[in-house]
Amino acid sequence: MQLSKKAENINPSITLAITAKANELKSQGVDIVSFGAGEPDFNTPENIIQAAIKAMHDGKTKYTPAGGLLELKQTICTKFKKDNDLDYKPSQITISTGAKQCLANTFMAILNPGDEVLVSVPYWVSYPELIKLADGVPVFVETSRENNYKYTIADLEKSVTNKTKAILINSPNNPTGTIYHEEELKQIADFAKQHNLLIVSDEIYEKLIYDGEKHISIASLNQDAYERTIVINGVSKTYAMTGWRLGYVAASEKITKLMTSIQSHMTSNVNTITQYATIEALNGPVEDLQNMINEFENRRNFMVEELGKLNEVSIIKPNGAFYMMVNISAYLNIEFNGQKINNSVDFAKVLLEEEKVAVIPGAGFGSDDYIRLSYATSMDIIKKGIDRISLFLSKIK
Ligand code: PMP
Ligand code: GLU
């Protein structure tokens, strides 16, 4: 029997698969060092946990409106005003099961079969698959070291066609950690206006930013950019709430209506308790958050220094998020113990078998010369992992 061709054409999430594999080996007692998961190793702050417990005791355990609680939408509007200088009404907000569902809803709401979406390479694993699930076509725009792995208008002009519907931007970026500055965003907004494109702006790492850099939402640049941008955000990364599953999206009322309607059939509302906890997350104290960011920056600095010492390896220095791309091309197309290491998937597989270090192969992000290391893990583990990678490199070549 021919099952869904669309579903058969979807690759499973490699980030989640490797993280699950590393956790499984750990639970079997294997001494694994995991650089896989893009999730903070800190626990959710106590005030947020207490808000969830209170919500349950107060009987806040029923359905809410499919697109989310009005009180939470109002809190999100206040956040957008305070952090991004963006004016939204609650009728422009949809609350979904993680930023992932926000993206899925977005593509389903805006794409018709064959519509193209511009995606910069390297890209986060789920973008192409979510676009394909919505019958769209991801169009990959290569980036380069000279441009700090960001779109250039010249490359965008080469990639745009009369089928292009939207441009996707992710700043700070997963997996490169690069950040778009105001002038670059302005150019992208002008390009979108000129070609009448929607802009999908994934800003989930907005708070995880280093070196005194500042996050700017492309939607805040001018009225035209505001109207054509769909802003995606969520609490997974900023508040160490990956397992709670809450993301939110701001868009025009027209798009919001479509997304809410889709969601009302697919999942209904996000877990009610999580919604109440998120009101506390967005309104509560920021000390835990600042401590977490400081710690990520320390780890980033350490990784830049230590990975920089490895032979024939180069890195992309991140200014945000918590990932580092490591170029391992000097270690490809070799053989080790009878095993071929021809690409990043082979490299990651042999590294896991030989030294028990889990990393994500760059192939998942469209960049096969790289592996991705997440530094959302403790300094001790980072030290141990880099020692093991160093040993591995000296063994295989
Ligand atoms: N966007 C990016 C760039 C991500 O790395 C992630 C990873 N989780 C998401 C969206 C989705 O986040 P979540 O569904 O946990 O909110
Ligand atoms: N976004 C994180 C990552 O890239 C978590 C896993 C996922 O959702 O892909 O590792």
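Quick look at the numbers
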{"quantity": "Three semi-axes of the equivalent ellipsoid, the chain, Cα gyration tensor, whole Å, largest first", "calculated": "33, 26, 21"}
{"quantity": "Distance (nanometres) between label positions extended 7 Å along Cα→Cβ at Lys254 and Glu227", "calculated": "1.0 nm"}
{"quantity": "Extension gain (nm, one decimal) between Glu142 and Lys383, 0.36 nm per residue minus Cα-Cα", "calculated": "83.5 nm"}
{"quantity": "Gyration tensor (alpha-carbon) shape descriptor, region 38-85, a/c threshold 1.5", "calculated": "oblate"}
{"quantity": "FRET efficiency for Lys21 and Lys309, using Cβ-Cβ distance with R0 set to 45 Å, rounded to 0.05", "calculated": "0.95"}
{"quantity": "Anisotropy class of region 337-397 from Cα gyration tensor, a/c 1.5 cut", "calculated": "oblate"}
{"quantity": "DSSP-defined beta bridges in the chain - what % are antiparallel, rounded to 5", "calculated": "50 percent"}
{"quantity": "Candidate aspartates and glutamates - alpha carbon under 16 Å from Lys257, same-chain residues fewer than 8 apart omitted", "calculated": "Glu227"}
{"quantity": "For region 91-152, the spread of Cα positions along each principal axis, largest first, Å", "calculated": "41, 24, 20"}
{"quantity": "Distance-filtered residues of region 110-129 - backbone nitrogen under 14 Å, label point 7 angstrom along Thr267 Cα→Cβ", "calculated": "none"}
{"quantity": "For Ile315, residues with placed amide H under 5 Å, excluding near neighbours", "calculated": "Asn327"}
{"quantity": "Cβ-Cβ FRET estimate between Leu332 and Thr61, R0 fixed at 56 Å, reported to 0.05", "calculated": "0.60"}
{"quantity": "MRE, 222 nm, helices only [DSSP H, n ≥ 4, -39500 (n - 2.57), over the chain, to nearest 500]", "calculated": "-13500 deg cm²/dmol"}
{"quantity": "Cα gyration tensor shape for region 273-397, rounded if a/c is under 1.5, else prolate or oblate", "calculated": "prolate"}
{"quantity": "Size of charge dipole - the chain - debye, nearest 20, with Cβ of Lys, Arg +1 and Asp, Glu -1, no other charges", "calculated": "860 debye"}
{"quantity": "Theoretical FRET efficiency, 1/(1+(r/R0)^6), r = Cβ-Cβ of Glu71 and Asp190, R0 35 Å, to 0.05", "calculated": "0.40"}
{"quantity": "5 angstrom amide H check on Asp115, placed H, neighbours 5+ away", "calculated": "Val137"}
{"quantity": "Non-local Lys pairs in region 1-77, i.e. 8 or more apart or on different chains, that have alpha carbons under 21 Å apart", "calculated": "4"}
{"quantity": "Euclidean distance of C-alpha centroids, region 9-62 and region 360-383, integer Å", "calculated": "18 Å"}
{"quantity": "Region 77-153 versus region 172-250: alpha-carbon centroid distance in Å", "calculated": "9 Å"}
{"quantity": "Positive-pole candidate from Asn147, Gln74, Ala52, dipole of region 44-187, charges at beta carbon", "calculated": "Ala52"}
{"quantity": "Relative contact order %, region 92-230, counting alpha carbon pairs below 8 Å whose residues are six or more apart", "calculated": "20 percent"}
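No lab work stands behind these numbers, since they all come straight from the coordinates. Keep in mind it's a predicted model, so treat the numbers as computed, not measured. Positions of Cβ are generated from backbone atoms using ideal geometry, with glycine treated the same way; all protein chains shown enter the neighbour counts.
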